[in-house]
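These notes concern the structure reproduced below.
The values are calculated or read from the model by the stated rules, or taken from the named source; none is laboratory data. Source: prediction; values computed, not measured. Positions of Cβ are generated from backbone atoms using ideal geometry, with glycine treated the same way; all protein chains shown enter the neighbour counts.
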Amino acid sequence: MRIAGLKAGATVAAACEALAELFRGSGIDSPQADARILVSHALGLSRARLIAEADRELESREIDAIATRAVRRSVREPVARIVGTKEFWSLPFAVTPDVLVPRPETEIVVELALERTPVTSLRILDIGTGSGAILLAVLSERTAMSGVGTDVSEAALEVARMNAASLRLDQRCEFVACDIASKVNGTFDLVVSNPPYIPAADIAALEPEVRNHDPRRALDGGPDGLDFYRAIATDARRLLAPGGALIIELGHGQEAAVAALFKQAGLTVPDPARKDLAGISRALRAIAP
């Protein structure tokens, strides 16, 4: 693919503008930001150096590196998958095709966990941990806490272990391959999860970045999107210490159904779900007796 403006003699600034124009034509929501990130990644430059070197002419090998990344983004491959990392809770997380890319709205689960659980809480369980984002974000804030992350995918757990090590949190957590928490023993003061919650029939209508690049197993919540909430509710009383909190991410319109499942399991749902910036009920807290 030829990219207009990206040719011999192009400057760093011209490359950023060429990519932004390409991305606008591809229907990408953040063309300029994506262009800057990919040019920075291709050239190995920080944001500050990208600005400082704006007028520098690019070498042919640099143009090739930029073009390769631009083509991938133009067909709606997520930036995080191209560069291999995604920031979450101001922490860098490695991502691979085996894990969901951490989303900004999932930070609401972390916020609620930190606000609504005692500082003295000692054990956390993250069900369906993926990259380890929720678990490691909480551990980064609570230095007295230790945790366990579960996932059915051993490949995903390898990514979580790598992230734990790079963040120097690996001494306070372990990762277990199992369905929900079937191989986990003991109780926890805090259980968190961002489970698959998209109704299976709705996956085909998702944005290409999600539909074509996130693992289907991390998206598919069954016919009504509630399969994993049912499974977690069934196991919640076994996993939670007395008075322990379960904090879980919700999909659009799922608050009432999930709250009902938790109440049927003997948990208390003390307050409405926390909303995200779009006004969607996004994180729900339930308490064990």
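The conditions of being in the same structural domain as Ala144 (by TED's automatic domain parsing), under 17 Å from Thr106 (Cα atoms) and of a type in the set (Gly, Ala, Ser) are met by Gly221. Return yes when Gly149 is out of contact with any His (no Cβ under 8 Å at 6 or more places or on another chain) and under 18 Å from Gly244 (Cα atoms) and no when it is not. It is true that Gly149 is out of contact with any His (no Cβ under 8 Å at 6 or more places or on another chain) and under 18 Å from Gly244 (Cα atoms). Given the criteria touching a Gly at 6+ places or on another chain (Cβ under 9 Å), closer than 22 Å to Pro97 by Cα and of a type outside the set (S, T, N, Q), does Phe188 qualify? Spelling it out, it is not the case that Phe188 is touching a Gly at 6+ places or on another chain (Cβ under 9 Å), closer than 22 Å to Pro97 by Cα and of a type outside the set (S, T, N, Q).
If you go through the range 236-257 and keep only what is buried (at least 20 other Cβ atoms within 10 Å of the Cβ) and among the charged types (D, E, K, R), you end up with just Glu249.
Applying a threshold of 8 Å to beta carbon distances and a minimum spacing of six or more residues, or different chains, the list of pairs starting in the range 80-94 at a residue that is more than 16 Å from Ala137 (Cβ to Cβ) and ending at one that is surrounded by fewer than 19 Cβ atoms within 10 Å (Cβ to Cβ) reads Arg81/Pro97; Arg81/His213; Ile82/His41; Ile82/Arg72; Val83/His41; Gly84/Ala94; Gly84/Thr96.
Being under 12 Å from Leu125 (Cβ atoms) and surrounded by 13 or more Cβ atoms within 10 Å (Cβ to Cβ) is the filter here, so list the residues in the range 179-205 that pass it. Result: Ile180, Ala181, Val184, Thr187, Phe188, Asp189, Leu190, Val191, Val192, Ser193.
Can we say Thr117 is touching a strand residue (DSSP E or B) at 6+ places or on another chain (Cβ under 6 Å), at pLDDT 95 or above and hydroxyl-bearing (Ser, Thr, Tyr)? Criteria not met by Thr117. Looking across Ala260, Ala233, one residue alone is surrounded by 21 or more Cβ atoms within 10 Å (Cβ to Cβ) and in a helix (DSSP H, G or I). It is Ala233.
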